[in-house]
1. Order these by the 10 Å Cβ neighbour count, fewest first: ILE60, ILE12, ILE77, ILE126.
2. Only Lys, Arg, Asp and Glu count, each charged at its Cβ (+1, +1, -1, -1), so figure out the dipole size of the chain about its Cα centre, rounded to 20 debye.
3. By the gyration tensor of its Cα atoms, with a ≥ b ≥ c the square roots of the eigenvalues, what is the shape of the range 78-130: rounded for a/c under 1.5, prolate for a/b over b/c, or oblate?
4. Which values of log₁₀ I(q)/I(0), to two decimal places, follow from the Debye formula for the range 17-133 at q = 0.09, 0.10, 0.11 Å⁻¹ with a uniform point scatterer at every Cα?
5. Please order HIS117, HIS17 by the number of other Cβ within 10 Å, starting at the fewest.
6. Rounded to the nearest 500, what is the chain's calculated 222 nm mean residue ellipticity when only DSSP H runs of at least 4 contribute -39500 (n - 2.57) each, over all residues?
7. How would the range 1-72 be classified by its alpha-carbon gyration tensor: rounded, prolate or oblate, with rounded meaning a/c under 1.5 and the a/b versus b/c comparison settling the rest?
8. Can you tell me the FRET efficiency between ARG28 and GLN112 if r is taken as the Cβ-Cβ distance and R0 is 25 Å, rounded to the nearest 0.05?
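Taken together, the values in this text are just the output of simple stated rules run on the coordinates, not laboratory data. Please read all numbers here as calculations on a predicted model, not as lab measurements. Here the Cβ positions follow ideal geometry from the backbone for every residue, glycine too, while neighbour counts run over all protein chains shown.
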Amino acid sequence: MQTRYTYNIERIDHQPHAQHLWFYNSQRFTLNVTRADMIRAGYSPSVRLFEAAACGTPIISDRFFGLDTIFDFGTEILIADRSDDILRYLQEIPENERIAIGDRARTRVLSQHTAAHRAVQLEGYILQLATFLT
């Protein structure tokens, strides 16, 4: 069964990596809807959050446990608990603040959440484990 969306919403299942910059930068905001199983798991951010933020695109997301360890709510990411929250963000946030939210999220991702950051973190965990085992 195919889900029907309103005229102004389009579901896009996949974009090739080479098109991510164009895709995210063509949006005023990107909407992140976390799968229910990932919400239950907590600390399970979609790669979409990092891609959009790295492109400087402001993100409106649902809430899940651990998201506040990645982005500061209200300044780097917008949290929507209800559809009214989304509408309020779309209608009331001034353009300069919209851009600033995207810029702050981009700064956060590039300074703390790149593949290089995760590699250093993984190496640290391996060294801790090696020290523990010896």
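1. Lowest to highest Cβ neighbour count: ILE12, ILE126, ILE60, ILE77.
2. The dipole magnitude comes to about 240 debye.
3. Oblate shape, in that a/c is at least 1.5 and b/c is the bigger or equal ratio.
4. -0.28, -0.34, -0.40
5. Least crowded to most crowded, the residues run HIS17, HIS117.
6. -15000 deg cm²/dmol
7. It is oblate, given that a/c is not under 1.5 and a/b is not larger than b/c.
8. Efficiency computed from Cβ-Cβ geometry: 0.50.
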